[in-house]
Amino acid sequence: MNSWRRPSDQAHRTTTRCRRGLAGAGIALMLIMVAATVLAACGGSTTTTSAGTATSTASGPQVIMKNTAYDPATLTIKVGQTVTWVNQDPMQHDVVANKGEFKSSLLASGGTFSFKFTQAGTYAYYCSIHPNMLGTIIVQ
């Protein structure tokens, strides 16, 4: 005698609804990931001179996180400018000011963090995960 029997119609409908819900959630997650990738790719590019100063782009001065370093390590800007840090490393980084003026969340590869400097001064910062990653923003 065969002990297998078809599940009730109610159980079959419930199982089918759950499977459809999971498929819909997977599609939604994939769309969110694609949108995040597109938004991350829309940032401007920067050029670094041998003196270590970044040129301004449409989005302002940038510091690139790559090879477990900030590039440029020292950046000079004017009061009122916004600096954007861009993580181009495959590992996470953050940006933490030594005196607490700013602090980013952990930035995955492609992530960005921006801060507007409203007062003149020298702002030293580091990566809390990689303490040898050091940088300085000089605001004039």
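The values are calculated or read from the model by the stated rules, or taken from the named source; none is laboratory data. Not measured: the values here are computed from a predicted model. Note: ideal-geometry Cβ built from the backbone for every residue, glycine included; neighbour counts use all protein chains shown.
Selection of the stretch 73-128 for residues being polar (S, T, N, Q) and assigned to a strand (DSSP E or B) yields THR74, THR76, THR82, THR84, ASN87, THR112, SER114, THR122. Is it the case that the stretch 69-79 has a residue that's within 18 Å of GLY121 (Cβ to Cβ), modelled with pLDDT of 95 or more and among the basic types (Lys, Arg)? The answer is yes, given that some residue of the stretch 69-79 is within 18 Å of GLY121 (Cβ to Cβ), modelled with pLDDT of 95 or more and among the basic types (Lys, Arg). Would you confirm whether any residue within the stretch 44-51 is modelled with pLDDT of 95 or more and either touching a helix residue (DSSP H, G or I) at 6+ places or on another chain (Cβ under 6 Å) or part of a strand (DSSP E or B) (or both)? No: the stretch 44-51 contains no residue that is modelled with pLDDT of 95 or more and either touching a helix residue (DSSP H, G or I) at 6+ places or on another chain (Cβ under 6 Å) or part of a strand (DSSP E or B) (or both).
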